[in-house]
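See structure below.
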Amino acid sequence: FPVTISPDMDKNMLLDYVKRFLKRVELRLIGAEPTMRKDLPEIIYRLNTETRHRIILLTNGLKLASRNYVNELKSAGLKYVYVSLHGVDNDDWYDQIDGMRCAKNKVMAVENVAEAGFEVDIGCILVKGINDRAIETIHPFLKSRGLNNGMIRFKNVGQLGRYQKDRSENMKMDEILRRCADVWKLDYEKISSMAYLS
């Protein structure tokens, strides 16, 4: 069947909408992949200079492998970045989860955002039987690349999309919390009281 691709929203229209928000918000620039927009640095600059919102870029991180691009985003005023890192530094995991061998670019992206001084959140979808060990490997990997501050957000596979799994096969949030508590020597009761268990 034919696929219709909608054009990106006009940047002036976007700015007009955002300026109408009554309160300061966390404005997340998301998908499919915002770095595909050639005018993203200009959009970030204008959002920073013409609004009072907190701008966060949610990205797969592949374009952040370019130090020049990271510096361009930094110069535009970007401070906060959320990077998906489902395969950590393992090409086999990325191949199975994202359908591409991109570990080298992901590693370079982490190094670049760390060097640029961004506040960074890392998102990691855990797929049972593929990247279960990401819980053990992600923290040492990030520290070894100079990323000492930030947040790691583990998620399980959604019930939609390419990696559809039956609920019984999916890693439960309680299982993720227990593994994190064991690996990082955390009090399970404390962290589970702060998390949503599915």
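The values are calculated or read from the model by the stated rules, or taken from the named source; none is laboratory data. Keep in mind that what you see is a predicted model, and the values were worked out from it rather than measured. Methodologically, a virtual Cβ is constructed for each residue, glycine included, from the backbone with ideal geometry; neighbour enumeration extends over all protein chains shown. What goes into the accessible areas is simple: the full protein's heavy atoms, side chains included, and nothing from ligands, DNA or RNA. Shrake-Rupley method; radii C 1.70, N 1.55, O 1.52, S 1.80 Å.
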Members of the range 102-119 that are surrounded by fewer than 22 Cβ atoms within 10 Å (Cβ to Cβ) and under 13 Å from the mean Cα position of the chain (by Cα): Glu119
Residue satisfying all of: in the range 90-112; small (Gly, Ala, Ser) and in contact with a Lys or Arg (Cβ under 9 Å, 6 or more places away or on another chain); nearest to Pro140 (Cα to Cα) among these: Ala109
Residues being surrounded by 14 or more Cβ atoms within 10 Å (Cβ to Cβ), modelled with pLDDT of 90 or more and closer than 20 Å to Ile130 by Cα - total across the range 161-198: 7
Residues located in the range 68-115, provided they are out of contact with any helix residue (DSSP H, G or I) (no Cβ under 7 Å at 6 or more places or on another chain) and acidic (Asp, Glu): Asp92, Asp95, Asp98, Glu111, Glu115
Tally, over the range 46-101, of residues that are aliphatic (A, V, I, L, M) and closer than 23 Å to Val25 by Cβ: 10
Filter pass, Ile135 being within 26 Å of Val157 (Cβ to Cβ), touching a helix residue (DSSP H, G or I) at 6+ places or on another chain (Cβ under 9 Å), of a type in the set (A, V, I, L, M) and open to solvent by 40 Å² or more (accessible area, probe 1.4 Å): no
